[in-house]
Amino acid sequence: MTELSAKGPHASPSRREVLEGVGATVALAVPALVLPTTAEAETSAPGETRLWYRQPAKVWTEALPVGNGRLDAMVFGGTTRERLQLNEDTLWSGGPYDPVNPDARAALPEVRRLIDAGAFAEAQTLANARLMGVPKTQMAYQPVGDLLLELPGTAGEVSAYTRELDLDAAIATTSFTLGGTRFRREVFASPGDQVIAVHMTGDRPFDLLVGLTSPQPGAGVVAAGGMLTLTGRNDARAGVAGKLRFAARVRVVADGGRVAADGERLRVTGARSVTLLVAMGTSYRRFDDVGGDPEAATLAAVAGAARRGFARLRSDAITAHRALFQRVKLDLGRTAIADRPTDERVLADRAAADPALATLYFNYGRYLLIASSRPGSQPANLQGSWNAETSPPWESKYTVNINTEMNYWPAEVTALPECVAPLVQMVRELAVTGARTAKTMYGARGWVCHHNTDLWRATAPIDGAQWGLWPTGGAWLCTHLWDHYDYSRDLGFLRSVYPLLHGAALFFLDTLQTDPKTGALVTNPSLSPENVHPKGASICAGPAMDLQILRDLFDQTGRAATLLGTDAAFAAQLAAARARLAPDKIGRGGQLQEWQADWDADAPEQRHRHVSHLYGLFPSDQIDLDATPALANAARRSLEIRGDESTGWATAWRANLWARLREGEHAHRILAYLLGPARTYPNLFDAHPPFQIDGNFGGTRAIAEMLMQSRGDEILLLPALPRAWPSGSITGLRARGACVVDVRWERGTLTEAVLRSTIHGRRRIRLGGHAVDVTLVPGRSVRLRGAGLTQA
Ligand code: FUC
């Protein structure tokens, strides 16, 4: 924290004393500080680690998310009526299915031939008729329902209202005075006890009606024995029968009151406080196993949580969250606007004047990843884990031609490697289903995943050939396995995922085609995600992105083989194939070519949201200002042509790319747009629009990328620091090579960097044009001071 923020108007002790000591003074007419009642909920910088509002959420994108990876709620912060919209991350439509089209293989040679002959539109028409999966649509992520709370018989004005989400404690709190009673409601998701807990207190006894509803057809609720039980079955979609059972239970524990059934609801009377323990589950065990028992699992979860009691649940949940959240601390400075409610800060649309909003966005990105992706949960999907709709946009699934990868961009560098576990598990499963697709559709070994997948790990091409016939999704996901290794240098992990890398690479050894014009190896059929080229189709051979991804996949798989002392012959095969992959090319406009031919200037959408051919610059480091300056400049030209403002995720990608070009002002300008009202909802969810969480994660990574970058054993300090962040610090970032990096700067200049590593090794540290080599020794930190990087 800067000195300024520590002394800010919300500095804590006095605030806490006021609120705890004198209940009545809480009913302040003033903007609302929301008020931790215990030291645990204390945070020292509200504007950086807290979202807060002066009114309840009217719409979903104003509600506040909590989650433990698997169980999730959107908290509306209502007064007489409260809504918690509930999700469980395995409640999707459908059941085990495999959409691979058995007729595809026979038609593949003709599609390839048409592409080679330049008959792209005909190739696309044939691909649509013969290659695409059946059904063409994947399954959709589904809501469980709503927990509804009602304060019956309360009348009068609501005063002293605030609601907040404390990112450091991972607790959503709503406080208000109604009919003379001061109410306070806390909501959090417990990762250890696997419940969502709601705790409501009044300073006078109150009544409460508790209901549970579901949009799922045929779901039913029973109120009995102090518990609501909702059970149902999931829905069919696109001809795939629903095979899941699901259950949700709400155990109601009233302190000093009575709980009785009231129709399908529970009525609490005369309580001083009420605890609600919400458990949810489905019969999903794995993509090919739906034999779970959600009724028993949810019963055990609420019973276990009730035994442990609210106070223990709360403090354990805070401890578990902080173990991850507090690893990184960011301070970009603050101004008075940081004390305003969050929605006002977004609307103010003045990122330059509110550097603490970037800090809040960064902290929120890390919070959202912790809340949506924990070991044992499903990976973060298009909406993280939060979805209220039975037919959500793009099924709220996994789009692996950018969106799922972007979700994990902040994970390693912002010290949340545990959150990658669900992604690794998904790749393990895709390697199983993707082996069937490889064999059936391509007659190939290894495994493949096209541009989307879902809970059932479907891997065949879907939607239409224009979007779906892209074989490189699994390969891109594999680069995340390599990154997980490279940030930790944990050979045990690398060994455990080596078969996945091997299988992904093998598929391409079997399916790469020789481009008749150049003799180089290319993918065919493929496309440059989801961009139509000037020949009336998107499908083509050898889009630049594929070859960039395959260079990474082949390099990383080969290096893994070497490091693990295995598969030397295979590594040699990969090296030989890599040398034949069509290279990146610079086109006549000075741009990096998106396709094998120099089509860019004639493509119909010059400002297309995807910047797929710039993968080589970011997230990969194949294209680099130092190592490949000509390609880096061509990438810059392509970026200029594409423009700065796009959909949420596409804007976030651009910010990362400009950070890689070390253009801090440009990256910051784009970030400002991302954090403004056009691309950020009042609850700070990213707006594609509609809501998609990838932009939150991409933006979080962009902020990290502006402050520190690493490639191999090199670390770049403050590579893209904008003028809007003149003084600040970040501690706890991770660089490749098991390195932890703290950076402090003042008036735009580095004051100190501290480096630590759990492994022994040499690192080159760069600051502007200056570089020094340091030796890292476990247990000892290296301190570098000032612009000269003087070792202290
Ligand atoms: C890709 C993008 C869209 C959207 C969708 C979920 O298809 O091109 O913009 O993000 O994924």
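The values are calculated or read from the model by the stated rules, or taken from the named source; none is laboratory data. The structure presented is a predicted model; accordingly, all values stated were derived computationally and were not measured. No Cβ is skipped: glycine too gets one built from the backbone with ideal geometry, and neighbour counts run over all protein chains shown. We work out accessible area using only protein heavy atoms, side chains counted, and drop any ligands, DNA or RNA first. Shrake-Rupley method; radii C 1.70, N 1.55, O 1.52, S 1.80 Å.
Being surrounded by fewer than 15 Cβ atoms within 10 Å (Cβ to Cβ) and not aliphatic (A, V, I, L, M): is that true of D289 here? Judged against the criteria, D289 is a match. Taken together, D621, D600 contain a single residue that is at pLDDT 95 or above, surrounded by 22 or more Cβ atoms within 10 Å (Cβ to Cβ) and touching a Gly at 6+ places or on another chain (Cβ under 9 Å), which is D600. Taking (1) over 30 Å from L509 (Cβ atoms); (2) more than 16 Å from the ligand (Cβ to nearest atom); (3) open to solvent by 30 Å² or more (accessible area, probe 1.4 Å); (4) touching a residue at least 40 places away in the same chain (Cβ under 8 Å) in turn, L369 satisfies each apart from (3).
In the range 729-744, the residues that are closer than 12 Å to D483 by Cα reach residues that are among the β-branched types (V, I, T) and open to solvent by 10 Å² or more (accessible area, probe 1.4 Å) with C-beta atoms within less than 7 angstrom, at least six apart or across chains, in these pairs: R734/V740; A738/T758; A738/I759. Taking only the range 187-214 into account, find how many residues are open to solvent by less than 10 Å² (accessible area, probe 1.4 Å) and among the charged types (D, E, K, R). Of the residues in that region, 0 qualify.
The selection criterion, being open to solvent by less than 10 Å² (accessible area, probe 1.4 Å), assigned to a helix (DSSP H, G or I), within 16 Å of the ligand (Cβ to nearest atom) and at negative phi, does not hold for A655.
Of the residues making up the range 518-546, those that are over 19 Å from G616 (Cα atoms) and away from the ligand (no atom under 16 Å from the Cβ) are T518, G519, N524, P525, P534, K535, G536, A537, C540. Any residue at all in the range 299-321 that's open to solvent by 40 Å² or more (accessible area, probe 1.4 Å), of a type in the set (S, T, N, Q) and without any contact (Cβ under 8 Å) to a residue 60 or more places away in the chain? Taking every residue of the range 299-321 in turn, at least one turns out to be open to solvent by 40 Å² or more (accessible area, probe 1.4 Å), of a type in the set (S, T, N, Q) and without any contact (Cβ under 8 Å) to a residue 60 or more places away in the chain. Can you say whether W467 is out of contact with any strand residue (DSSP E or B) (no Cβ under 7 Å at 6 or more places or on another chain), farther than 23 Å from H502 by Cβ and either among the hydrophobic types (A, V, I, L, M, F, W, C) or within 16 Å of the ligand (Cβ to nearest atom) (or both), as far as the supplied structure shows? Spelling it out, W467 is indeed out of contact with any strand residue (DSSP E or B) (no Cβ under 7 Å at 6 or more places or on another chain), farther than 23 Å from H502 by Cβ and either among the hydrophobic types (A, V, I, L, M, F, W, C) or within 16 Å of the ligand (Cβ to nearest atom) (or both). Can you tell me which residue is farthest from C478 (Cα to Cα) among those in the range 375-402 that are open to solvent by 10 Å² or more (accessible area, probe 1.4 Å) and assigned to a helix (DSSP H, G or I)? Result: P393.
Evaluate the range 684-691: report whether one residue or more is open to solvent by less than 10 Å² (accessible area, probe 1.4 Å), within 16 Å of the ligand (Cβ to nearest atom), of a type outside the set (F, W, Y) and under 19 Å from the mean Cα position of the chain (by Cα). Scanning the range 684-691, I find at least one residue that is open to solvent by less than 10 Å² (accessible area, probe 1.4 Å), within 16 Å of the ligand (Cβ to nearest atom), of a type outside the set (F, W, Y) and under 19 Å from the mean Cα position of the chain (by Cα), so the answer is yes.
Here the condition is being without any contact (Cβ under 8 Å) to a residue 60 or more places away in the chain and open to solvent by 10 Å² or more (accessible area, probe 1.4 Å); of A351, A336, it holds for A336 alone. The numbered conditions (1) hydrophobic (A, V, I, L, M, F, W, C); (2) over 23 Å from P499 (Cβ atoms); (3) assigned to a helix (DSSP H, G or I); (4) away from the ligand (no atom under 16 Å from the Cβ) are all true for V424 except (2).
A single member of G664, G643, G699, G676 is of a type outside the set (A, V, I, L, M, F, W, C) and within 19 Å of the chain's Cα centre (by Cα), and it is G699. Pairing each residue of the range 521-534 that is free of Cβ contacts under 8 Å to residues at least 40 places away in the same chain with any residue that is among the aromatic types (F, W, Y) and more than 16 Å from the ligand (Cβ to nearest atom), provided the two are 6+ apart or on different chains, yields no C-beta distance under 9 Å. Exactly one residue among G737, G761 is small (G, A, S), in contact with a Phe, Trp or Tyr (Cβ under 9 Å, 6 or more places away or on another chain) and farther than 23 Å from L357 by Cα, and that residue is G737. Can you tell me which residue is nearest to the ligand (Cβ to nearest atom) among those in the range 372-396 that are at positive phi and not small (G, A, S)? Result: W394. Can you spot a residue in the range 605-624 that is aliphatic (A, V, I, L, M), within 16 Å of the ligand (Cβ to nearest atom), in a helix (DSSP H, G or I) and touching a Ser or Thr at 6+ places or on another chain (Cβ under 7 Å)? Among the residues of the range 605-624, at least one is aliphatic (A, V, I, L, M), within 16 Å of the ligand (Cβ to nearest atom), in a helix (DSSP H, G or I) and touching a Ser or Thr at 6+ places or on another chain (Cβ under 7 Å), which makes the answer yes. Within the range 625-647, residues that are touching a residue at least 12 places away in the same chain (Cβ under 8 Å) have Cβ atoms under 7 Å from residues that are within 16 Å of the ligand (Cβ to nearest atom) and among the charged types (D, E, K, R) in these pairs: L639/R654; R642/R607; G643/R607; D644/R654; S646/R609; S646/R654; T647/R609, counting only partners at least 6 apart in sequence or on another chain. Taking the listed residues D168, D146, the one that is at pLDDT 95 or above and in contact with a helix residue (DSSP H, G or I) (Cβ under 8 Å, 6 or more places away or on another chain) is D168, with no other qualifying. For A415, indicate whether it is outside any loop (DSSP other than H, G, I, E, B), away from the ligand (no atom under 16 Å from the Cβ) and of a type outside the set (D, E, K, R). For A415, the condition - outside any loop (DSSP other than H, G, I, E, B), away from the ligand (no atom under 16 Å from the Cβ) and of a type outside the set (D, E, K, R) - is not met.
Note on the range 230-337: enclosed strands (runs of 3 or more DSSP E) holding 2 or more residues that are out of contact with any helix residue (DSSP H, G or I) (no Cβ under 6 Å at 6 or more places or on another chain) and within 30 Å of L707 (Cα to Cα) are 329-331. Across the range 625-649, the number of residues qualifying as more than 16 Å from the ligand (Cβ to nearest atom), closer than 30 Å to N381 by Cβ and assigned to a loop (DSSP other than H, G, I, E, B) comes to 1.
When G257 is tested against the conditions (1) of a type outside the set (K, R); (2) under 19 Å from Q142 (Cα atoms); (3) open to solvent by 10 Å² or more (accessible area, probe 1.4 Å), the lone failure is (2). Going residue by residue through the range 470-485, is there one that turns out to be part of a loop (DSSP other than H, G, I, E, B) and over 27 Å from the mean Cα position of the chain (by Cα)? No, the range 470-485 contains no residue that is part of a loop (DSSP other than H, G, I, E, B) and over 27 Å from the mean Cα position of the chain (by Cα).
Filtering D567, D510, D546, D555 for residues that are in contact (Cβ under 8 Å) with a residue 12 or more places away in the chain, among the charged types (D, E, K, R) and within 29 Å of P604 (Cβ to Cβ) leaves a single hit, D546. Just one residue in the set G202, G220, G211 is in contact with an Asp or Glu (Cβ under 8 Å, 6 or more places away or on another chain) and farther than 30 Å from E418 by Cβ; that residue is G211. Taking the range 116-196 and the strands (runs of 3 or more DSSP E) fully enclosed by it, the elements with 3 or more residues that are closer than 26 Å to L228 by Cβ are at 145-150, 171-178, 181-190.
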